[in-house]
Amino acid sequence: MKIKKRTIVLTFYFVLLLLPIYWMLNMSLRTNADILSTFSLYPKDITFANYVKIFTDASWYSGYINSIIYVSINTLISLFTALPAAYAFSRYRFIGDSQMFFWLLTNRMAPAAVFLLPFFQLYSTFGLIDTHIAVALAHCLFNVPLAVWILEGFMSGIPREIDETAYIDGYSFPGFFVMVFMPLIRSGVGVTAFFCFMFSWVELLFARTLTTTAAKPIAATMTRTVSATGLDWGLLSAAGILTIVPGALVIWFVRNHMAKGFAMGRV
Amino acid sequence: MGLSLKNMQKKVDGEIHLTNINLDFESGSRNVILGRTLSGKTSLLRLMAGLDRPTKGQLLLDGKDITGMSVRKRSIAMVYQQFINYPSFTVYDNIASPLKVSKMDKKEIDRRVQEAAHMLHLEEMLDRLPSELSGGQQQRTAIARAIVRDAELLLLDEPLVNLDYKLREELQIELQEIFKKRESIVVYTTTEPAEALMLGGNIVVLDEGRVLQTGSTPDVYHHPATTKVAEVFSDPPINYISCDLKESQIQLGGGVAFPLSGRLKTLSDASYKLGVRSNHFYLRRKNDEDIRLTVKVELAEINGSETFIHADFNGERIVIQEVGIYSRKIGSEIEVYVNPSRFFVYSDTGQLVMSPS
């Protein structure tokens with residue numbers, strides 16, 4: 001009886017969550033004329049015209065490619081800088097270590113808009129405007145602290161004695177880190193990569209400000225559907241559905257480690 | 001030749017963990033470090049391994065200063081109190097890891113791993129991960145990894161303390177066999193006097209970061225130089241009874257007095273502390289020389305084949321350990337017997353004056 005009640009409540013919640021996504025899918029498979037004329041719970045005349053347009057029009061699909069490029073660069077930079085930093089925070093004691101650790105987090109507290117103008121000027125000066133690396137670097141401001149926090153939690157869960165045993169066995173530091181340590185924090189690295197990916201993927205402000213055409217992200221491209229003649233509902237929905245796909249895929253791969261990741265590894 | 005610690009000191013955050021450590025360990029010797037928890041045993045091992053740097057002092061190996069040498073370059077092996085293995089490696093790879101790092105020939109690695117696994121009865125588990133083993137098997141794996149290469153220094157930090165009683169006894173015997181075959185310096189820490197005696201060799205008695213006494217293990221057991229050493233080196237702790245020596249008579253509290261006999265005759269008049277190990281108290285008279293004490297029972301516990309009676313003698317707590325099962329009512333007055341030849345005689349300041357021959 002108790003289990004049944006819970007099932008009903010959860011099913012209701014699940015339906016509630018899925019409803020907007022379903023509606024977007026519904027709209028993406030219909031023409032604008034259809035969407036605006038009749039109310040229908042499911043697409044009566046399924047059309048893939050919206051998707052075809054996205055996959056054939058360079059101005060649309062290049063948005064996805066640009067986003068994927070800078071998100072990947074950002075995830076790699078974040079991981080490679082955060083791994084050594086997190087190791088230092090979890091294993092060594094130095095003056096101001098806890099303050100510095102907290103300072104990293106404060107970087108996430110400032111609204112992105114505060115950094116917008118300085119970043120624009122800085123990147124202009126270096127001629128980095130409208131490059132993928134510019135957006136990737138800008139997103140590091142948020143993602144590196146996050147990655148350090150999550151990884152530090154995972155690393156602190158590994159007994160220090162394992163490090164020492166490896167040194168006693170004669171491993172060099174890089175040897176130990178790659179052969180012994182990395183396999184132990186594998187799930188932590190996966191979760192961190194996921195978080196970096198997600199933050200960078202959905203971020204719009206920096207991505208749009210620091211790019212014009214060559215590195216224009218998909219989120220910026222999507223704003224093109226709004227015009228004086230009205231909204232292109234079908235196309236917008238199709239683009240929306242496609243932006244969900246990569247995130248959903250990554251979530252599927254790290255689903256078993258998500259809870260630990262949200263608790264910054266401290267489970 | 002061997003390992004020497006010269007005037008070592010370790011301070012952490014201004015707190016002294018170890019001080020004034022001067023020790024020599026000969027090559028091929030077996031050494032036990034005995035001390036209670038927090039006495040500095042682990043700190044001492046970590047200094048010897050080079051995992052921690054001493055605040056002061058030097059570590060010499062065959063006369064060469066190796067104080068600042070990196071752990072990686074030293075030839076050591078260590079077994080921790082917790083079961084430490086590489087969780088992502090199989091048992092085979094765990095044991096082979098120190099050999100692989102030293103780039104040994106594959107066949108030789110295999111031969112050595114099989115040999116170590118055989119010694120510790122791990123042949124069946126070589127393909128498993130450490131998490132799929134029981135605690136005893138995990139610790140065996142850790143020990144196998146430590147003995148697989150011929151390290152000059154083999155350090156074991158209370159390796160058996162987290163194991164159950166049965167396994168511990170089994171491993172204790174096996175370890176002795178393994179140590180016998182080795183030419184390296186074996187250093188083994190323990191809190192248990194029985195374990196220390198079983199391992200034999202030399203002993204270092206440690207208390208509150210200081211070395212109290214060193215020597216061969218049975219020697220130190222029979223002649224603990226101070227009351228503190230005797231306390232650390234007996235389980236249950238040694239009993240002390242204060243007494244005065246006057247007119248050739250030893251006067252214990254409560255009007256109990258007995259004449260000097262045997263070796264005790266050489267003592268001069270003064271106040272002494274008499275140390276009696278629990279197993280030297282008897283509930284029945286064994287000998288005509290035995291002294292009778294009347295004590296009040298506070299607690300009686302039975303441990304399988306032995307009975308421990310905690311009792312009060314003139315305000316001094318004593319523990320009587322008797323083989324066999326006896327029931328004594330709590331609060332009742334009973335008589336216990338002890339032979340004067342079993343007394344450890346300590347001066348008022350706690351220095352050994354005389355030990356039983």
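Miscellaneous remarks
- Residue list for the stretch B:284-309, filter: farther than 17 Å from B:ASP235 by Cα and under 24 Å from the mean Cα position of the chain (by Cα): none
- Residues within the stretch A:81-138 that are among the β-branched types (Val, Ile, Thr) and not in a loop (DSSP other than H, G, I, E, B), tallied: 6
- Single residue of the stretch B:120-136 satisfying the filter (closer than 16 Å to B:GLU170 by Cα and touching a helix residue (DSSP H, G or I) at 6+ places or on another chain (Cβ under 6 Å)) that is surrounded by the fewest Cβ atoms within 10 Å (Cβ to Cβ): B:GLY136
- The residues of the stretch A:220-248 that are under 18 Å from A:LEU29 (Cβ atoms), modelled with pLDDT under 85 and among the hydrophobic types (A, V, I, L, M, F, W, C) amount to a single one, A:LEU231.
- Boolean, B:LEU197 is without any contact (Cβ under 8 Å) to a residue 60 or more places away in the chain, surrounded by 15 or more Cβ atoms within 10 Å (Cβ to Cβ), in the same structural domain as B:ILE16 (by TED's automatic domain parsing) and out of contact with any Leu (no Cβ under 9 Å at 6 or more places or on another chain): yes
- Members of the stretch B:339-348 found to be more than 26 Å from B:LYS286 (Cα to Cα) and at pLDDT below 90, listed by number: B:ASP348
- If only residues of the stretch B:213-261 that are aromatic (Phe, Trp, Tyr) and not in a strand (DSSP E or B) are counted, the one that is surrounded by the fewest Cβ atoms within 10 Å (Cβ to Cβ) is B:TYR221.
- Here B:GLU289 meets the list (1) in contact with a Pro (Cβ under 7 Å, 6 or more places away or on another chain); (2) closer than 30 Å to B:GLN213 by Cα; (3) in a loop (DSSP other than H, G, I, E, B) almost entirely, failing just condition (2).
- Residues (in contact (Cβ under 8 Å) with a residue 12 or more places away in the chain, part of a helix (DSSP H, G or I) and facing chain A (nearest Cβ under 8 Å)) located in the stretch B:71-108: B:VAL71, B:SER97, B:PRO98
- The stretch A:192-214, subset among the aliphatic types (A, V, I, L, M) and out of contact with any Phe, Trp or Tyr (no Cβ under 8 Å at 6 or more places or on another chain), residue farthest from the other protein chains (Cβ to nearest Cβ): A:ALA214
- Some residue of the stretch A:181-194 being closer than 28 Å to B:PRO159 by Cβ and in contact with an Asp or Glu (Cβ under 9 Å, 6 or more places away or on another chain): yes
Residues are listed down the side, and each one gets a yes or a no for (1) free of Cβ contacts under 8 Å to residues at least 24 places away in the same chain; (2) within 14 Å of chain A (Cβ to nearest Cβ); (3) not in a loop (DSSP other than H, G, I, E, B):
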{"residue": "B:ILE33", "(1), (2), (3)": "no, no, yes"}
{"residue": "B:SER39", "(1), (2), (3)": "no, no, no"}
{"residue": "B:LEU47", "(1), (2), (3)": "no, yes, yes"}
{"residue": "B:PRO54", "(1), (2), (3)": "no, no, no"}
{"residue": "B:LEU59", "(1), (2), (3)": "no, no, yes"}
{"residue": "B:THR67", "(1), (2), (3)": "yes, no, no"}
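- Residue match in the stretch B:10-29 (condition: away from chain A (no Cβ under 14 Å), under 19 Å from the mean Cα position of the chain (by Cα) and β-branched (Val, Ile, Thr)): yes
- Selection of first residues in the stretch B:273-294 that are among the β-branched types (Val, Ile, Thr) and of second residues that are surrounded by fewer than 16 Cβ atoms within 10 Å (Cβ to Cβ) and part of a strand (DSSP E or B), restricted to Cβ pairs under 9 Å at least 6 apart or on distinct chains, gives the following pairs, ordered by first then second residue: B:THR294/B:GLU333; B:THR294/B:GLU335.
The values are calculated or read from the model by the stated rules, or taken from the named source; none is laboratory data. All values reported here derive from a predicted model rather than from experimental measurement. Here the Cβ is made from the backbone with ideal geometry for all residues, glycine too, and neighbour counts use every protein chain on show.
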